[in-house]
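Colleague: One structure coming up, written as structure tokens, with questions to follow.
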Amino acid sequence: MSSVPTIRNKNEGSFSDMVDITDLITSCASSLTMAEPFMCRKDSFLLQDAMAATQLMDRKMDSCELPAKVAAPMSNTKKEVLFPRPCPESLSDPFGPLPWSDLTLAQTSIIVTQQLVRLQAMFSGASVGESVFTCLYAQKSILCEMEQYFEAMASSERGETSLQNRLTILKENISSSTCVCAQFALFTASCALIEITEVFRSIVINADIYEEEDFVSNTHDIPFFTHDKKILQRYLDIAVEILGQHEPGNNIKPLCISLTYLNGLLFFCSTMGKLRREDIVKTVDSMRNLTGTLATGLKSLQKLHDPSDIEYKPLLSQKEEEELVIQVFDSYVNRPLFGNTPVRKVSFLSTKESIGKLTEITSELDFSVCGLLAHGSSMARIERMLRRFSSLNVLSRSLIVLNLFFDELLLGQHALQPLIVSHMRQWEHVPADLIQDPHALAFLSRLAKPVYDILKLQASSRNRQRAYMEASMLREWTSLQNEANLVDVNYRREHSLDNSTPPYFGHYVLAVLLRLMDQHLSCGIEVGLFCGHDEICSAFWYRDFLLAALNQNLNLMRRGREMYKALVAAKPTETKGKGGKKRNSKSSKANGTAGKAKQRTLEELEDALELQVLEAKRMLCRGIVRFIVAVRQAGYFEIPDYEFTSRQTIFENRFSVFESIRHPPPLTFQDYLEGSDGSNISVEEMCQSATEVFKTCRALIESVLNDIGSVNATFAPVQEMEARSLLRVCVGNSVYLMKLNQLAAGGDTGKQVKFEFDFEAHKEFCIVKFQ
């Protein structure tokens, strides 16, 4: 081995000897064979070492090089791979200058629209380095240069520093040139894009309910340009005002709509991210008007970018637009910041699709965030509204969580303890002296945090909901169940009541616990945790039991309340007549009092509808179980035989989270075998039984569809679209049951029949299909 001259190591500040080991590596490599390909000790060379070595040897992993067609699509280079474009340091960057001195309104309109495309990508889960910062105008160095340009333009010879005077001077200078107007519009749009990104990240991180597919927290140390939000909003208003002074044209309208949207979205997120109790109703109303205006503007913008629409007129030729986008946007400009990671396939939706998604997100902000704050008047209504929000965009769900409890009040408006009491009394009669009992008051204080956790849970994704319930919530509500029973026992003992007195707190906590158990199981079905006919059958069998217990408990609570109301209505009242004598007014007012007792409030109608929906879902579960048992009886399904596990082990693992719950008692595998055993029933009888169940279910769902118009859709326990989905599942299973009965009657062995469980119609319930 030969030596080379010593060189100074700048990091250490000392001399180090460098030795050439090329000959040693060459001689060692020449001794390798196909039988012994390792240049190391095999007993200590692990899989992790092999993967690390592979990454180090791959040039693309080590140097971030990309295919030339990807890194420089407009270049005529003969190289196969290129290093990503460096981040520009100025508008006149020598590697690739950005359009500025001759910028047109048409170019600005296209650039700002493409910024909306990147904004939508960030809202959909892309990292900032792969979305908003792929716009080169969004880089901090570029925005700082643009800011200095306009600050110099806003300065006067007299050195006036007041904001109003500077804005007036700036407005006059911008109005004097169309190019300067285009530059200013681009500057304000780029600043708004970065400010929205920062506010969005702050909201999502503070809410802390995001998943990897929702949001990427790592910014890879990309520097953010900061600007005063109030001044920026003034800038945006000035830009829209000056653009409005130009002659209405094809390039003005989309630019004005885009700037208005960015300004409105920034104001909405900044306001709703730090909402306070003062003037909350007025603030929410103004935000609802704002989101409505923004959604309307986006719909108009979408039409302007729809080639099939009559109003569509391209601002530039297709080639010119493509060249402009390539010049201004680079999906891999931040690639070196990501480290030695595989290159992700960066793709964006079309302009029309992206604007459509932004319209959906804006509408979600209206009906979910603002709607909840405006209409969440009771615990039941708040919970029903939240159940529909788990599939919303992460921005909407995060704002819901941030505003769910602030200033020590639920939604900034309601004290939790009185709201819980009202929720209890909505379902059952609760004596006034019980609520005043010290033990009951202490228990209500104890209930506040777990009830809030349940509300917050609804804003999480299905996977996170299931994880939260398993980690703590089911165990906590099991403990609360024991405490509730103690409060009820103490109340009966202090007031010398017998055991026929209803366990008021026990009923309420049991209802909440059963809802949690049912939600845990339905989440497992929805995310596809149960695979194969046996596991799916066990899931719907267990859910049938839970829904039956929940329905029984709610009906018991409701009957007690109705009995109390009827007793109060039938109680005679005495009034004084002439001469001071008392007379019974029962005969004169009984009819009117009874009539008032029969009148239902809107919330009572909502509760009655919920009971119907729960019963319909229970019937669907029961029908699907009997359908699967019938298929099994016909010989089309075989009992699975596992090599490394067993049916009992799978069953116990799937429902192990319910083992610690005392009431309802956990079901065992033996219970499942007995409950799903159809060996003593013929296929025809089982098919007939399942058909009758689906028939009953269909009648219930049709009744729900008839009654759903009597309640506000915002507070309905089920939306009309979902009810119709349940009806499709019911009808679909009935049709295939008839086909199964025909196959069984024909004596077909069924070996060539292919079955599938179709969850397309409804994500919680399947149609058992076969060919």
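Colleague: From the list HIS423, HIS414, exactly one residue is crowded, with 17+ Cβ neighbours inside 10 Å and in contact with a Gly (Cβ under 9 Å, 6 or more places away or on another chain). Which is it?
Modeller: Just a single option satisfies the conditions, and that option is HIS414.
Colleague: What tally of residues in the range 27-40 results from selecting those that are surrounded by 10 or more Cβ atoms within 10 Å (Cβ to Cβ) and either in contact with a strand residue (DSSP E or B) (Cβ under 6 Å, 6 or more places away or on another chain) or not in a loop (DSSP other than H, G, I, E, B) (or both)?
Modeller: 1
Colleague: Here is a further query. Basic (Lys, Arg) and modelled with pLDDT of 90 or more: is that true of ARG166 in this structure?
Modeller: Spelling it out, it is not the case that ARG166 is basic (Lys, Arg) and modelled with pLDDT of 90 or more.
Colleague: Also, I was wondering about something else. So, restricting to helices (runs of 4 or more DSSP H) that lie completely within the range 633-725, which ones have at least 3 residues that are touching a Phe, Trp or Tyr at 6+ places or on another chain (Cβ under 7 Å)?
Modeller: Passing ranges, in order: 647-654, 669-675.
Colleague: Now a separate question. Looking at the range 288-324, which of the residues that are surrounded by 13 or more Cβ atoms within 10 Å (Cβ to Cβ) and basic (Lys, Arg) is nearest to LEU373 (Cα to Cα)?
Modeller: The residue in question is ARG288.
Colleague: Quick check on my filter: what residues within the range 171-189 are part of a helix (DSSP H, G or I) and either in contact with a Cys (Cβ under 7 Å, 6 or more places away or on another chain) or over 21 Å from TYR137 (Cα atoms) (or both)?
Modeller: Hits for the range 171-189 are LYS171, GLU172, ASN173, ILE174, SER175.
Colleague: Condition first: open to solvent by 10 Å² or more (accessible area, probe 1.4 Å), touching a residue at least 24 places away in the same chain (Cβ under 8 Å) and of a type in the set (S, T, N, Q). Now tell me which residues in the range 92-115 satisfy that.
Modeller: The answer is SER101, THR104, GLN107, GLN114.
Colleague: Counting just the residues of the range 631-674 that are within 31 Å of the chain's Cα centre (by Cα), at pLDDT 90 or above and among the polar types (S, T, N, Q), which one comes out most open to solvent (accessible area, probe 1.4 Å)?
Modeller: ASN653
Colleague: Sticking with this one: Among the listed residues ASN712, ASN741, ASN706, which satisfies the condition of being open to solvent by 40 Å² or more (accessible area, probe 1.4 Å) and in contact with a Cys (Cβ under 7 Å, 6 or more places away or on another chain)?
Modeller: After ruling out the rest, the residue left standing is ASN741.
Colleague: So which residues in the range 312-332 are in contact with a helix residue (DSSP H, G or I) (Cβ under 7 Å, 6 or more places away or on another chain) and either under 16 Å from PRO97 (Cβ atoms) or at pLDDT 90 or above (or both)?
Modeller: Residues satisfying the conditions are LEU324, VAL325, VAL328, PHE329, ASP330.
Colleague: State whether the residues of the range 227-235 include one that is free of Cβ contacts under 8 Å to residues at least 24 places away in the same chain, β-branched (Val, Ile, Thr) and open to solvent by 40 Å² or more (accessible area, probe 1.4 Å).
Modeller: Scanning the range 227-235, I find no residue that is free of Cβ contacts under 8 Å to residues at least 24 places away in the same chain, β-branched (Val, Ile, Thr) and open to solvent by 40 Å² or more (accessible area, probe 1.4 Å), so the answer is no.
Colleague: Just need a number here: residues in the range 345-375 that are open to solvent by less than 50 Å² (accessible area, probe 1.4 Å) and at pLDDT below 90.
Modeller: 1
Colleague: Identify the residue in the range 376-391 that is over 22 Å from MET122 (Cβ atoms) and of a type in the set (Ser, Thr, Tyr) and, among all such residues, is most open to solvent (accessible area, probe 1.4 Å).
Modeller: Restricting to residues being over 22 Å from MET122 (Cβ atoms) and of a type in the set (Ser, Thr, Tyr), the top hit is SER377.
Colleague: Looking at SER460, SER496, SER522, SER500, which one is in contact with a Ser or Thr (Cβ under 9 Å, 6 or more places away or on another chain) and either open to solvent by 10 Å² or more (accessible area, probe 1.4 Å) or polar (S, T, N, Q) (or both)?
Modeller: Criteria check complete, one pass: SER460.
Colleague: May I ask you to verify whether SER734 is more than 30 Å from the chain's Cα centre (by Cα) and either open to solvent by less than 50 Å² (accessible area, probe 1.4 Å) or without any contact (Cβ under 8 Å) to a residue 24 or more places away in the chain (or both)?
Modeller: So SER734 passes the test.
Colleague: Under 7 Å between Cβ atoms, at least 6 apart or on separate chains: pull out the pairs that start in the range 665-694 with a residue that is closer than 18 Å to GLN742 by Cβ and end on any residue that is modelled with pLDDT of 90 or more and among the hydroxyl-bearing types (Ser, Thr, Tyr).
Modeller: Filtered contacts from the range 665-694: THR691/SER734; PHE694/SER734.
Colleague: Continuing with the same structure: Of all residues in the range 498-553, which are in a loop (DSSP other than H, G, I, E, B) and either more than 22 Å from SER479 (Cα to Cα) or among the polar types (S, T, N, Q) (or both)?
Modeller: Matches in the range 498-553: ASP498, ASN499, SER500, THR501, VAL527, GLY528, LEU529, PHE530, CYS531.
Colleague: Give the number of residues within the range 201-215 that are outside any loop (DSSP other than H, G, I, E, B), in contact with a helix residue (DSSP H, G or I) (Cβ under 8 Å, 6 or more places away or on another chain) and either open to solvent by 30 Å² or more (accessible area, probe 1.4 Å) or among the basic types (Lys, Arg) (or both).
Modeller: Going through the range 201-215 one residue at a time, the tally reaches 2.
Colleague: VAL394 - would you say it is modelled with pLDDT of 90 or more, more than 19 Å from GLU483 (Cα to Cα) and either open to solvent by 10 Å² or more (accessible area, probe 1.4 Å) or not hydroxyl-bearing (Ser, Thr, Tyr) (or both)?
Modeller: Yes.
The values are calculated or read from the model by the stated rules, or taken from the named source; none is laboratory data. Quick caveat, the model's predicted, so the values are computed rather than measured. Because the Cβ atoms are built from the backbone with ideal geometry, glycine has one as well, and the counts that use them run over all protein chains shown. Areas reflect the complete protein model, heavy atoms only, side chains present, ligands, DNA and RNA absent. Shrake-Rupley method; radii C 1.70, N 1.55, O 1.52, S 1.80 Å.
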